[in-house]
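*Asks:* The structure that follows is given in the form of structure tokens.
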Amino acid sequence: MADDYVRYIERTREYYLAEGYNNPYQWAHFEDIPFTPLTKSLRECRVGLVTTSDIAVRSATGERERVEAQTQVGGVYSIPFDTPAERLFSRNEFYDRYETNLNDVNAYCPVTRLREFATEGRIGSLPPRFHGVYTAYSNRLIMERDAPEVLRRCREDKVDAVILTPI
Amino acid sequence: MSLVARHLEANGIPTVIFGVARDIVEYAGVPRFVFTDFPLGNPCGKPFDAAMQRAILETGFDLLEHATGPGVTVTTPFVWSEDDSWKKKVFTKERPFMEGEVLERWEKAKERYRRQKREGNV
């Protein structure tokens, strides 16, 4: 059924209340939604990619990078678009580990698929890098610091449109 | 993610989000949203199913090219499994979302944020 999708806001509120957390997360909510129409064909567009799926790069020797504790909260990072997909992996731990896995980066950060579409001409081109945003635990931090930084980098990359993927 | 999309869009860059947590994304209010009714982790299709991943991206391309106003959700036709029971188990005692080390790391990260906030660094 298409309309029986999981209501995460309700479900997580109930779950954490039962776990003894009585301070439910305030999900971002806006009435007004911005809109910018695409003014040319995607075949002529440079298409950017931004993800919150916490992507890291394995070292060239194939050794899995040690998971370092982050020293800051949130923050923006960039990774070369031509990094081989098999060297990319996600450090995210907030996925449904009972049902699925993060073994294929293209299931949440579709670098290979986008490269295919660029080669075939379905999209004009890709920028030299894609961007990631770490979890910030704060809507204010995202709006005041991280979102403007993503915009700055996307402008530097001269992209015409952006694809965004959470986990 | 939704906040980043909104910021790009408000500053002249068209965006499309691919996601599985429909209520969270729609509650935030985003310009274009491609929803696939899958578990958290695979918003762009099943692992190693390139054909499905392409079809989902193509849905987003189509939306980018044809949307005439904000707040549009397009649902892809894919189903995770014949049996829908996984949806009922998400965030339940039967399937704790986080436990052990994962839960500890999450708590530590939250504490790090609180500490930096107290110190006025974020």
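*Asks:* Name, by its number, the condition in (1) closer than 23 Å to A:ALA107 by Cβ; (2) open to solvent by less than 40 Å² (accessible area, probe 1.4 Å); (3) basic (Lys, Arg); (4) at the interface with another protein chain (Cβ under 7 Å from one of its Cβ atoms) that does not hold for B:LYS110.
*Replies:* (1)
*Asks:* Limited to the stretch A:111-167, what total is found for residues that are touching a residue at least 60 places away in the same chain (Cβ under 8 Å), within 9 Å of chain B (Cβ to nearest Cβ), in a helix (DSSP H, G or I) and open to solvent by 30 Å² or more (accessible area, probe 1.4 Å)?
*Replies:* Residues that pass the stated criteria total 2.
*Asks:* To continue, here is another question. Just to verify a result, which residue in the stretch A:30-57, among those that are of a type in the set (A, V, I, L, M, F, W, C) and in a strand (DSSP E or B), is nearest to A:ILE142 (Cα to Cα)? Reasoning before the result, please.
*Replies:* Initially, the stretch A:30-57 is screened for residues of a type in the set (A, V, I, L, M, F, W, C), giving A:30, A:33, A:35, A:38, A:42, A:45, A:47, A:49-50, A:55-57.
Then drop every residue that is not in a strand (DSSP E or B), which leaves A:47, A:49-50, A:55-57.
Working: A:VAL47: 22, A:LEU49: 17, A:VAL50: 14, A:ILE55: 18, A:ALA56: 20, A:VAL57: 24 Å.
Once the filter is applied, the top-ranked residue is A:VAL50.
*Asks:* Under the condition of being of a type in the set (Ser, Thr, Tyr) and in contact with a helix residue (DSSP H, G or I) (Cβ under 7 Å, 6 or more places away or on another chain), which residue from the stretch A:1-24 is most open to solvent (accessible area, probe 1.4 Å)?
*Replies:* Among those that are of a type in the set (Ser, Thr, Tyr) and in contact with a helix residue (DSSP H, G or I) (Cβ under 7 Å, 6 or more places away or on another chain), it is A:TYR5.
*Asks:* Follow-up question, since we're still on this one. Looking at (1) in contact with a Lys or Arg (Cβ under 6 Å, 6 or more places away or on another chain); (2) of a type in the set (Phe, Trp, Tyr); (3) over 30 Å from A:VAL73 (Cα atoms), which is the only condition B:PHE35 fails?
*Replies:* (3)
*Asks:* Anything in the stretch B:87-104 that is assigned to a loop (DSSP other than H, G, I, E, B) and loosely packed, with under 13 Cβ neighbours inside 10 Å? List them, or say none.
*Replies:* B:LYS93, B:GLU94, B:GLU99
*Asks:* Within the stretch A:1-29, can you find the residues that are over 28 Å from B:PRO77 (Cα atoms) and not in a helix (DSSP H, G or I)?
*Replies:* A:GLU19, A:GLY20, A:TYR21, A:ASN22, A:ASN23, A:PRO24, A:TYR25, A:GLN26
*Asks:* Just to be sure I understand, how many residues within the stretch B:12-38 are assigned to a strand (DSSP E or B) and basic (Lys, Arg)? Steps first, answer last, please.
*Replies:* First, pick out the residues of the stretch B:12-38 that are assigned to a strand (DSSP E or B): B:15-19, B:32-35.
Filter once more, keeping what is basic (Lys, Arg): B:32.
Looking only at that region, the number is 1.
The values are calculated or read from the model by the stated rules, or taken from the named source; none is laboratory data. Not measured: the values here are computed from a predicted model. Cβ coordinates were reconstructed from backbone atoms using ideal geometry, including for glycine residues, and neighbour counts include every protein chain displayed. Remember, those area values only see protein heavy atoms, side chains included, never the ligands or the DNA or RNA. Shrake-Rupley method; radii C 1.70, N 1.55, O 1.52, S 1.80 Å.
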